[in-house]
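What follows is a single structure, written as structure tokens, with notes after it.
The values are calculated or read from the model by the stated rules, or taken from the named source; none is laboratory data. All values reported here derive from a predicted model rather than from experimental measurement. Cβ placement follows ideal geometry from the backbone for every residue including glycine, while neighbour counts extend to all protein chains displayed. The area values use the complete protein model at the heavy-atom level, side chains included, leaving out ligands, DNA and RNA. Shrake-Rupley method; radii C 1.70, N 1.55, O 1.52, S 1.80 Å.
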Amino acid sequence: MLEREGVSMNHKKLRRLYREEGLAVKRRRGRKRATGTREPMPVPSGPGERWSLDFLADSFGDGRRFRILAVIDDHTRENLALIADTSLSGERVARELDAVIRLYGKPKTIVSDNGTELTSRAILRWQGETGVGWHYIAPGKPQQNGFVESFNGRLRDECLNEEIFDSLGHARRVLALWRHDYNNVRPHTSLGGLTPAEARRAARLRDGPPPAALASPQPIGYQAVELSK
């Protein structure tokens, strides 16, 4: 820059002045992210052993986009939450997980991909505060999170692809109705013909409820709407 202005300076003098003035080009460091673990996942032996979560995206009739956070119990296949909003940050995900834990108890492990929200400082802090283990699947390997991926396929085929949503409120009501049907009405062959809710109740009769769970959890995260609407 000095040479452009016609000023010539010895490079040794320039370096000396640079150091004396404490000048430095600030280097941008990589953002600290949650690292979790990539050890083999334990096979869930009961409710609350392992949860899976993932995001889906859809759009309103006018083209605006919104996102959906799905949380699944890998043992019972129960959908613990369907959170729909136009923006779902790491902080928001942490708050919603706290709400799910208040109703269903704390899981031992959560499985997810390496998305920005799920590897954020907010999730890193949440892991440290709650002590919940977090397992990140290998990049480009969605089959390692097969339970929630299978759920996402059903949700998209049976609900999202069949509906044109007018608003966020409309989307939340439709998702709540579909979630109720999925958890309480539809039997699963992998559960011996039980619904996910029946599988959870059967496991609790066998093993007892987790300490932090309520006796009869209700839909959460904008799903607590009257099903008659």
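Annotations
- Ligands, DNA and RNA are left out, and with a 1.4 angstrom probe the accessible area of the range 42-131 is 37 Å² per residue.
- Backbone N under 15 Å from the Glu149 label point (7 Å along Cα→Cβ), restricted to the range 104-123: 111-115
- Exposure of Thr189 as accessible area (Å², to 10), given a probe of 1.4 Å and all protein chains: 140
- Prolate/oblate/rounded label for the range 74-157 (Cα gyration tensor, a/c 1.5): rounded
- Surface share of carbon and sulfur [accessible, 1.4 angstrom probe, percent] for the range 136-180: 49
- Take the Cα of Glu21, step 7 Å toward its Cβ, do the same at Phe60, and the gap between the two points is 5.2 nm.
- Simple spin-label estimate for Lys141 and Arg186 in nanometres, 7 Å along Cα-Cβ: 2.8
- Solvent-accessible surface (1.4 Å probe) assigned to Phe165 amounts to roughly 0 Å².
- Accessible area of Glu96 in the full protein assembly, 1.4 Å probe (Å², nearest 10): 30
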